[in-house]
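Everything on this sheet refers to the single structure shown next.
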Amino acid sequence: MVRFRYFILIVLACISFSPIFNRDSYAADVCIIDSYKIKITQKIKDQLSMVLSQNGNVSYANYGDTRQCRVKIILGTPGVVKELKKASPYEKVIYTFVMFPEVLGLDKKKNFYGVRIFPLPMRTINKFFSYTGMKKRKVAVIVSKMNEKIAKKYLPSHSFDILLINSRVEEAFPKLNKYKYIYIFPDPEVLKLVNVLSLVNYAKHTGKILIAGLPDLDRYDINFIYAVDFPALTRELIKLTRENPKKHILPCPAKVKVWVSR
């Protein structure tokens, strides 16, 4: 009789708690937050939603309200900064389109996993030399003084020489005479249209080789662009919803987009 009562109690407990288990299952869905809302992030958001909605382990993808999501995919720095302030240590956050994740301390956040949106400079120039077969030399990089600290984190001195400017790239031109290669660092000051056009014009007239890791620069006469492969990026993000790699910041899946010699 006692054993029978215990059995009834266990059955009642399972019935009572079954809605909780169902809610937990619902909460394990993936949310996609596009904090940039530009053409490319909207495209990736749609691709992620299409694939994840077909997966039996994911029942929905929500672009705004993430209260019931255990896994979040965030596209863009603003959304990641917001999530850093409120994310529970039990939530898994996946991100990309963050230019400098180490500056935000994301390499030390255990529940955050990211995919770089551009290949690291060292990887880019290594790819340049192996792809083109050109002779290895030190590479010049123009950086604004306000972004010097960030640049030094990503530009090892054994391969790069940083040339500081206040705001205009022309300030660095007299120092570029001894360099054959110029890497375009994603510095907002350097990437201003007037600066990009001036640098391209200078390189054309002096025979310098311009190297970049940003896909949008393909509209200008950049010699070599090794940039993100967006379909591969989408696959990496989907893979992260199922796996927890040892490294919390994964390399940018990249391909050579442009190579034009001078």
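The values are calculated or read from the model by the stated rules, or taken from the named source; none is laboratory data. Bear in mind the structure is a predicted one, so any value in this text is a computation, not a measurement. Backbone-built Cβ (ideal geometry, glycine too); neighbour counts: all protein chains shown. Ligands, DNA and RNA are excluded from the accessible area calculation, which covers all protein heavy atoms including side chains. Shrake-Rupley method; radii C 1.70, N 1.55, O 1.52, S 1.80 Å.
A few remarks follow.
- The condition of being part of a strand (DSSP E or B), β-branched (Val, Ile, Thr) and farther than 30 Å from residue 52 by Cα does not hold for residue 222.
- Residue within segment 195-216 that is in a helix (DSSP H, G or I), over 22 Å from residue 162 (Cα atoms) and basic (Lys, Arg) present: no
- Just one of the listed residues (166, 201) is modelled with pLDDT of 95 or more, open to solvent by 50 Å² or more (accessible area, probe 1.4 Å) and touching a helix residue (DSSP H, G or I) at 6+ places or on another chain (Cβ under 8 Å), and it is 166.
- Check on residue 153, under 23 Å from residue 201 (Cα atoms) and of a type in the set (Lys, Arg): no
- Candidates in segment 156-166 are the residues that are assigned to a loop (DSSP other than H, G, I, E, B) and either in contact (Cβ under 8 Å) with a residue 24 or more places away in the chain or of a type in the set (A, V, I, L, M) (or both); of these, the one that is farthest from residue 209 (Cα to Cα) is 156.
- Here residue 137 fits the description: surrounded by fewer than 15 Cβ atoms within 10 Å (Cβ to Cβ) and touching a strand residue (DSSP E or B) at 6+ places or on another chain (Cβ under 9 Å).
- Number of positions in segment 239-262 that are surrounded by 15 or more Cβ atoms within 10 Å (Cβ to Cβ), outside any strand (DSSP E or B) and either over 14 Å from the mean Cα position of the chain (by Cα) or at pLDDT below 95 (or both): 1
- Looking at 83, 91, 102, just one residue is under 24 Å from residue 216 (Cα atoms) and acidic (Asp, Glu), and that residue is 102.
- Failed condition for residue 36, given (1) at pLDDT 85 or above; (2) loosely packed, with under 11 Cβ neighbours inside 10 Å; (3) aromatic (Phe, Trp, Tyr): (2)
- Any hit, segment 182-194, residues being out of contact with any strand residue (DSSP E or B) (no Cβ under 9 Å at 6 or more places or on another chain) and open to solvent by less than 30 Å² (accessible area, probe 1.4 Å): no
Yes/no per residue for (1) open to solvent by 80 Å² or more (accessible area, probe 1.4 Å); (2) modelled with pLDDT of 75 or more; (3) among the hydrophobic types (A, V, I, L, M, F, W, C):
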position	(1), (2), (3)
55	no, no, no
64	no, no, no
69	no, yes, yes
74	no, yes, yes
83	no, yes, no
92	no, yes, no
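A quick yes/no check of all residues on (1) surrounded by fewer than 20 Cβ atoms within 10 Å (Cβ to Cβ); (2) part of a loop (DSSP other than H, G, I, E, B); (3) in contact (Cβ under 8 Å) with a residue 40 or more places away in the chain; (4) in contact with a Pro (Cβ under 7 Å, 6 or more places away or on another chain):
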{"residue": "95", "(1), (2), (3), (4)": "no, no, no, no"}
{"residue": "103", "(1), (2), (3), (4)": "yes, no, yes, no"}
{"residue": "114", "(1), (2), (3), (4)": "no, no, yes, yes"}
{"residue": "125", "(1), (2), (3), (4)": "no, no, yes, no"}
{"residue": "129", "(1), (2), (3), (4)": "yes, no, no, no"}
{"residue": "141", "(1), (2), (3), (4)": "no, no, yes, no"}
